[in-house]
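K.L.:
Please see the structure below; I have some questions.
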Amino acid sequence: MAGRIEGKVAVITGGTSGIGEATAELFIAEGAKVVIAGRSEEKGQAIADRLGENAIYQRADVMKEEEIKAVIDLAAEKFGSLDILFNNAGGPAAQGLDDVTPESIGYAMQYLFGSVALGIKHANPVMKESGGGSIINNSSIAALRYGQGGHLYAAAKVAVTHYSKMAGVELGPFGIRVNCISPGAIATPIFWGGSARANTLSDEENDRKMAKLQKNLVKATPMRSAGLAWDIATAALFLGSDEGRFVNCHDLVVDGGRTSIFHEPPA
């Protein structure tokens, strides 16, 4: 039986841990060919080796436009096309109003938003040549509610959500759908410093932190359940597959109902 994205070619940024790694695993299982992009060479190559011949790893820093373009070009060169781009790379940014500096503003906007805009810039010409595709951007419920992330992080994710809708309007006539996913409290290494930090710890230490995190996140939703990277991967699979053919300019919230809980403003 064919997979849900059989024969499609995908690029996943931030693919060496958390949501990116889970999505790469699921996409491969569903028949796609995947380029896994990320900064952790050892981890990325190990994932690609484990997933088999339809997965390749390419080192990429999404702060650098030329490396974003190189990953997209590699997918087209190696596998012949690009059908799905998951702009997933991200991490923490400065938290409070008093922490803001010109440097932290530039970093947050380039890392969290700029990487998405540049991914769209370089993916859409390739997708136009092949008759369409699906671009998926990882946003956050921090763009929707107060208190779901640091201020700069939230502001950058607002930009991601709105930019996704604008890009979907412009690229829709070419058969290119652009959507975003807004995860809620998902148990990933971002809570202890992001994938870069996680890659410096042992598997045992990461497992210990993950178990503790999942236990704490049970309290974060009406479902009394922690969100997992797999939950976001399945959302990306839907948006990337032909099942999502009529979904465009949409923000798919995957949060277990967390955004329906009222949060008191600070005193």
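K.L.:
If I ask for residues that are more than 18 Å from the chain's Cα centre (by Cα), surrounded by 16 or more Cβ atoms within 10 Å (Cβ to Cβ) and assigned to a helix (DSSP H, G or I), which ones from segment 74-102 would you list?
P.N.:
The initial filter retains those residues of segment 74-102 that are more than 18 Å from the chain's Cα centre (by Cα), namely 74, 76-81, 94-102.
With surrounded by 16 or more Cβ atoms within 10 Å (Cβ to Cβ) added as a condition, the list becomes 74, 76, 79, 81, 94, 100.
Those that are more than 18 Å from the chain's Cα centre (by Cα), surrounded by 16 or more Cβ atoms within 10 Å (Cβ to Cβ) and assigned to a helix (DSSP H, G or I): Leu74, Ala76, Phe79.
K.L.:
Go through (1) of a type in the set (Lys, Arg); (2) part of a helix (DSSP H, G or I); (3) within 30 Å of Pro222 (Cβ to Cβ) one by one and return the number of the condition Lys121 breaks.
P.N.:
The failed condition is (3).
K.L.:
Say whether the condition of being within 28 Å of Ala154 (Cβ to Cβ), of a type in the set (A, V, I, L, M) and assigned to a helix (DSSP H, G or I) is met by at least one residue in segment 48-62.
P.N.:
We begin by selecting, within segment 48-62, every residue within 28 Å of Ala154 (Cβ to Cβ); these are 60-62.
Applying the additional criterion that residues be of a type in the set (A, V, I, L, M) yields 60, 62.
Cutting the leftovers down to assigned to a helix (DSSP H, G or I) gives us none.
Checked segment 48-62: no residue is within 28 Å of Ala154 (Cβ to Cβ), of a type in the set (A, V, I, L, M) and assigned to a helix (DSSP H, G or I).
K.L.:
Scan segment 214-243 and report the pairs whose first residue is within 16 Å of Ser260 (Cα to Cα) and whose second residue is modelled with pLDDT of 95 or more and of a type in the set (Val, Ile, Thr), with Cβ atoms within less than 8 Å and a gap of 6+ or a chain change.
P.N.:
Within 8 Å, the pairs are Gly227/Val254.
K.L.:
Moving to a separate point now. Which of (1) farther than 20 Å from Thr234 by Cβ; (2) of a type outside the set (Ser, Thr, Tyr); (3) part of a helix (DSSP H, G or I) does Ala22 not meet, given it meets every other one?
P.N.:
Single failed check for Ala22: (1).
Here is a yes/no grid of residues against (1) assigned to a helix (DSSP H, G or I); (2) modelled with pLDDT of 95 or more; (3) in contact with a strand residue (DSSP E or B) (Cβ under 9 Å, 6 or more places away or on another chain); (4) of a type in the set (D, E, K, R):
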{"position": "Lys157", "(1), (2), (3), (4)": "yes, yes, yes, yes"}
{"position": "Gly168", "(1), (2), (3), (4)": "yes, yes, yes, no"}
{"position": "Leu171", "(1), (2), (3), (4)": "yes, yes, yes, no"}
{"position": "Arg197", "(1), (2), (3), (4)": "yes, no, no, yes"}
{"position": "Glu204", "(1), (2), (3), (4)": "yes, no, no, yes"}
{"position": "Phe238", "(1), (2), (3), (4)": "yes, yes, yes, no"}
{"position": "Ala267", "(1), (2), (3), (4)": "no, no, no, no"}
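K.L.:
Somewhere in segment 103-116, is a residue in contact (Cβ under 8 Å) with a residue 24 or more places away in the chain, surrounded by fewer than 18 Cβ atoms within 10 Å (Cβ to Cβ) and either assigned to a loop (DSSP other than H, G, I, E, B) or in contact with an Asp or Glu (Cβ under 9 Å, 6 or more places away or on another chain) (or both)?
P.N.:
Within segment 103-116, none of the residues are in contact (Cβ under 8 Å) with a residue 24 or more places away in the chain, surrounded by fewer than 18 Cβ atoms within 10 Å (Cβ to Cβ) and either assigned to a loop (DSSP other than H, G, I, E, B) or in contact with an Asp or Glu (Cβ under 9 Å, 6 or more places away or on another chain) (or both).
The values are calculated or read from the model by the stated rules, or taken from the named source; none is laboratory data. This structure is a prediction, so every number in the text was calculated from the model and none was measured. Note that each Cβ is placed from the backbone with ideal geometry, even for glycine, and that neighbours are counted across all protein chains shown.
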